[in-house]
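Asker: My questions will all concern the structure given below.
The values are calculated or read from the model by the stated rules, or taken from the named source; none is laboratory data. Keep in mind the model is a prediction, meaning the values are calculated, not measured. Note that each Cβ is placed from the backbone with ideal geometry, even for glycine, and that neighbours are counted across all protein chains shown. Just the protein is used for accessible areas: all its heavy atoms, side chains included, with ligands, DNA and RNA removed. Shrake-Rupley method; radii C 1.70, N 1.55, O 1.52, S 1.80 Å.
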Amino acid sequence: MQNEEIKAAILRGDAATVAQGVKENLEAGQEPGHILNEALVPPMVEVGDLYEKGEVYVPEMLVAAHAMKAGMEILRPELVKAGVEPLGKVALGTVQGDIHDIGKNLVGMMLEGAGFEVLDLGIDIPPDKFVEAVETGVDIVGMSGLLTTTIPAMPVVLQSLEAAGLRDKVKVMVGGAPVTEAFMQEIGADGYAPDAASAVRVAKNLLG
Ligand code: B1M
């Protein structure tokens, strides 16, 4: 299938066509990294840009991300076999006491769409779980929080990383509706993104 067809299918949220296209192109001998970079990543970049310009909204981004994910599921094992290096590894979780995960999942899907490996820790994640994830060797810890009562868990995670001697081994990115750039600076995190599209840009910047 032409990459253009796969791109268009992602943009309209047609997961079945995306999966079929990826399968066909792998069978036709295309490199997994080529399929990722030519067919799956560009439409996600496009959706991210349109979202930042206010031309599409969260539902459109979710629909595209789900379709991209259908392609990623087929491609991921082939990327691993082919030894294609991800841009970086991100451990992503919703902080302790908080079960909101729609935004976190969207951030994860956009990061994955951009070529990051995402370790989704889940919801209600206590500080020691973030620390354990860093011990496994991740480049970025991403914390999401939707409640004014739970975002104080973010500096606790930073303190736990400090106590474990891991703070300088990892970049820490925060986000979620009540989180602001000022809050990020106040708690000493490294990056803040107001939405999933800019989270990709921030993550790339954090890794230089
Ligand atoms: Co809740 N809830 N909720 N809720 N909920 C809010 C957040 C609230 C603002 C509603 C309100 O009162 N107006 C309010 C918080 C008030 C406050 O703290 N100031 C609230 C409350 C109070 C509660 C409960 C306490 C209600 C109760 O039980 N009395 C309870 C708490 C449960 C808990 O967590 N312990 C609760 C429960 C729930 C549901 C379970 C019913 C459900 C969650 C389902 C789920 O997530 N699976 C829910 C929902 C859906 C919402 C609203 C309606 C929508 C949240 C959402 O998904 N937004 C929300 C009201 C609202 O926002 N209008 C509300 C869409 C999502 C795409 O956006 O999550 O902001 P968002 O993510 C964005 C950015 O923030 C950013 O990128 C994302 C994509 O663009 N981002 C990051 C997020 N994480 C990031 C991480 C990054 C970078 C960017 O880097 C790592």
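Asker: Run Val63 past the list (1) within 14 Å of the ligand (Cβ to nearest atom); (2) of a type in the set (Val, Ile, Thr); (3) within 28 Å of Asp168 (Cβ to Cβ) and report the number of the one that doesn't hold.
Answerer: So Val63 meets the others, but not (3).
Asker: Pick out, from the stretch 1-75, the helices (runs of 4 or more DSSP H) lying fully within it that include 3 or more residues that are open to solvent by 50 Å² or more (accessible area, probe 1.4 Å) and not basic (Lys, Arg).
Answerer: In the stretch 1-75, the matching helices (runs of 4 or more DSSP H) lie at 3-11, 15-27, 41-52.
Okay, residues lined up against (1) charged (D, E, K, R); (2) more than 21 Å from the chain's Cα centre (by Cα); (3) at pLDDT 95 or above; (4) within 25 Å of Pro86 (Cβ to Cβ):
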{"residue": "Val134", "(1), (2), (3), (4)": "no, no, yes, yes"}
{"residue": "Ser144", "(1), (2), (3), (4)": "no, no, yes, yes"}
{"residue": "Ile151", "(1), (2), (3), (4)": "no, no, yes, no"}
{"residue": "Val156", "(1), (2), (3), (4)": "no, yes, yes, no"}
{"residue": "Val172", "(1), (2), (3), (4)": "no, no, yes, yes"}
{"residue": "Thr180", "(1), (2), (3), (4)": "no, no, yes, no"}
{"residue": "Gln185", "(1), (2), (3), (4)": "no, yes, yes, no"}
{"residue": "Gly191", "(1), (2), (3), (4)": "no, no, yes, yes"}
{"residue": "Ala197", "(1), (2), (3), (4)": "no, no, no, yes"}
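Asker: Still on this model: Can you tell me which residue within the stretch 191-208, out of those that are touching a Lys or Arg at 6+ places or on another chain (Cβ under 9 Å) and part of a loop (DSSP other than H, G, I, E, B), is farthest from Val47 (Cα to Cα)?
Answerer: Top of the filtered list is Leu207.
Asker: Just to check your reading of the model, which residue among Glu162, Glu135 is more than 11 Å from the ligand (Cβ to nearest atom) and without any contact (Cβ under 8 Å) to a residue 12 or more places away in the chain?
Answerer: None of the others qualify; the one that does is Glu162.
Asker: Among the residues of the stretch 107-128 satisfying the criterion of being in contact with a Gly (Cβ under 7 Å, 6 or more places away or on another chain) and of a type in the set (D, E, K, R), which is farthest from the ligand (Cβ to nearest atom)?
Answerer: Ranking the candidates gives Asp120 first.
Asker: Take the stretch 86-98 and flag every residue that is more than 9 Å from the ligand (Cβ to nearest atom) and either modelled with pLDDT of 95 or more or over 29 Å from Gly176 (Cβ atoms) (or both).
Answerer: Gly88, Lys89, Ala91, Val95, Gln96
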